[in-house]
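The values are calculated or read from the model by the stated rules, or taken from the named source; none is laboratory data. Predicted, not measured: the structure shown is a model, and the values here were computed from it. Counting neighbours? That spans all protein chains shown, and the Cβs are built from the backbone with ideal geometry, glycine included. Calculation scope for accessible area: heavy atoms of the full protein, side chains included, ligands and nucleic acids excluded. Shrake-Rupley method; radii C 1.70, N 1.55, O 1.52, S 1.80 Å.
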Amino acid sequence: MLQIYNTLSRQKEYFKPLHEGHVGMYVCGPTVYGDAHLGHARPAITFDLLYRYLMHLGYKVRYVRNITDVGHLEHDADEGEDKIAKKARLEQLEPMEVVQYFTNRYHRDMELLNVLPPSIEPHASGHIIEQIAFVQKIMDKGYAYVSNGSVYMDVEKYAKDYPYGKLSGRNLEDIVTETRELDGQQEKKHSFDFALWKKAAPEHIMHWPSPWSEGFPGWHMECSAMGTKYLGEQFDIHGGGMDLMFPHHEAEIAQSCAALGHDSVRYWMHNNMITIAGKKMGKSYNNFITLEQFFAGNHDLLEQPFSPMTIRFFILQAHYRSTVDFSNDALVAAEKGLARLTEAYQRLMKLQASDTTTIEIGNLRERCQEAMDDDLNSPIVISHLFDSARAINTVFDGKGTISEADLKELREVWKTYAIDILGLQLDGAQDAGTGMDAYKGAIDMLLNMRLEAKRNKDWATSDKIRNELTALGFTIKDTKDGFEWSL
Ligand code: ZN
């Protein structure tokens, strides 16, 4: 039975959905004012793994991942210029052109990483009415106040009735210390109050009418409004990066409790961060590398390009609650590991069955399931696949045999865990439509012609094909069942 670590209770819990057979899951998506970087790949891949595993377990999953396209301000959640509006002003574009441009690029990156699209991808800007209604509910319950056309959460009042800070483990004194230094706090009763609605300054180009002012919603409001709109006032799982725990998710909990009288989320899940030499990767740290730069090998910290599957494998090799320290060498190691799994998978598909099994195949299916059930332990699944790869290679090298039934089972387990759940495209699916599939097909065709020539004892043709491919840099290996090649 699946156990997941609930950040709220700080322990692993058996997962039991609210409605049998169905799972409602919300994950904070990107703010679309720039290209996705490695830090965006981690939550996307972590919750893709969860989504795929829940579906494998037979659940019907409604997966909502939002697009933040308004109200994400430069300095903190309440102050500064809207990031998208700023980009639009600098590039002389309509803000929605910026949003569409980076949303398209985000989708392309996710597709390359083999991240499945969510069931619903709501935009904050498309849910202003729902956000205003949510703010109104908080006003009606007396946990918010209007100041100069903006609406703020009255955190002190809220904290008297509900435990504010329970997710991040902070108390109000900690929060006061953290927020004291920020400017523009004059409108608020307390520095820790956060904006539910902001009155737009005259130069602010993205604004909507509301009962309080012409303005825009506070950043935290969109996830409360859209999560409950599509998944109900209570739903199963809310995910995101650990960096969102405070203030964003803490604020979401406060908004839900204030408006509805109870929490909306039953299991909070947070992935850990990617670091470069121990420092968090992110725009504000100026050490980010975009996914496109990884794929092109186009950054000072990279010595070569890395395929999207290498990036995916690199992330899955760590447990989602551990930090991952990025380096060029770590990616080179991931690339080698992935190549070993790919080779084993392709050999597995070519193996011939014998009458008996002499290799150790163990109960691979049970061991993989046990690891996934233990809070999505993907590195353990990968280590089981490496063990299995060694057994496959033994048969491939003619030093062991495998029976028909065992071979069928092994192929199914690899397909289920490596391809469907880990989402690794070991079958060459990443090449489809890129021209790589045509190129590989052409080399296979030449080597099949060589096999044919050998069978006909036409040594001249056979040698010519091998020598010319070798001269072009290909390595060709004759095997029991045919050939293998690499460049
Ligand atoms: Zn969110």
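Okay, here's what the table says:
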read-out: Lone unmet requirement of (1) open to solvent by 70 Å² or more (accessible area, probe 1.4 Å); (2) free of Cβ contacts under 8 Å to residues at least 40 places away in the same chain; (3) over 29 Å from the mean Cα position of the chain (by Cα) for Asp174; value: (1)
read-out: Identity of the residue in the range 301-327, open to solvent by 10 Å² or more (accessible area, probe 1.4 Å) and free of Cβ contacts under 8 Å to residues at least 40 places away in the same chain, that ends up nearest to the chain's Cα centre (by Cα); value: Phe314
read-out: Filter result for Asp373 (modelled with pLDDT of 95 or more, of a type outside the set (Val, Ile, Thr) and either touching a strand residue (DSSP E or B) at 6+ places or on another chain (Cβ under 8 Å) or open to solvent by less than 20 Å² (accessible area, probe 1.4 Å) (or both)); value: yes
read-out: The range 294-332: number of residues that are farther than 30 Å from Gln3 by Cα and not acidic (Asp, Glu); value: 15
read-out: Test: residue in the range 382-404 that is within 27 Å of the chain's Cα centre (by Cα) and open to solvent by 50 Å² or more (accessible area, probe 1.4 Å); value: yes
read-out: Hits in the range 152-171 (condition: part of a helix (DSSP H, G or I), open to solvent by 50 Å² or more (accessible area, probe 1.4 Å) and not acidic (Asp, Glu)); value: Lys157, Lys160
read-out: Residues of the range 426-445 that turn out to be modelled with pLDDT of 80 or more and of a type outside the set (A, V, I, L, M), as a count; value: 5
read-out: Enumeration of residues in the range 25-39 that are farther than 10 Å from Ile67 by Cα, more than 13 Å from the chain's Cα centre (by Cα) and not in a strand (DSSP E or B); value: Tyr33, Gly34, Asp35
read-out: Count - residues of the range 220-278 that are more than 13 Å from the ligand (Cβ to nearest atom) and in a loop (DSSP other than H, G, I, E, B); value: 10
read-out: Any hit, the range 196-211, residues being assigned by TED's automatic domain parsing to the domain that holds Met25, of a type outside the set (D, E, K, R), closer than 22 Å to Asp48 by Cα and open to solvent by 10 Å² or more (accessible area, probe 1.4 Å); value: no
read-out: Residue match in the range 64-73 (condition: within 15 Å of the ligand (Cβ to nearest atom) and basic (Lys, Arg)); value: yes
read-out: In the range 117-154, the residues that are in contact (Cβ under 8 Å) with a residue 60 or more places away in the chain and under 30 Å from Arg52 (Cβ atoms); value: Pro118, Ile120, Glu121, Pro122, Ala124, Ser125, His127, Glu130
read-out: Of residues in the range 254-278 being touching a Lys or Arg at 6+ places or on another chain (Cβ under 7 Å) and open to solvent by 10 Å² or more (accessible area, probe 1.4 Å), the one farthest from Lys166 (Cα to Cα); value: Met273
read-out: Residue list for the range 186-200, filter: assigned to a loop (DSSP other than H, G, I, E, B) and within 35 Å of the chain's Cα centre (by Cα); value: Ser191, Phe192, Asp193, Phe194, Ala200
read-out: Residue check for Met449: over 37 Å from the mean Cα position of the chain (by Cα) and open to solvent by 70 Å² or more (accessible area, probe 1.4 Å); value: yes
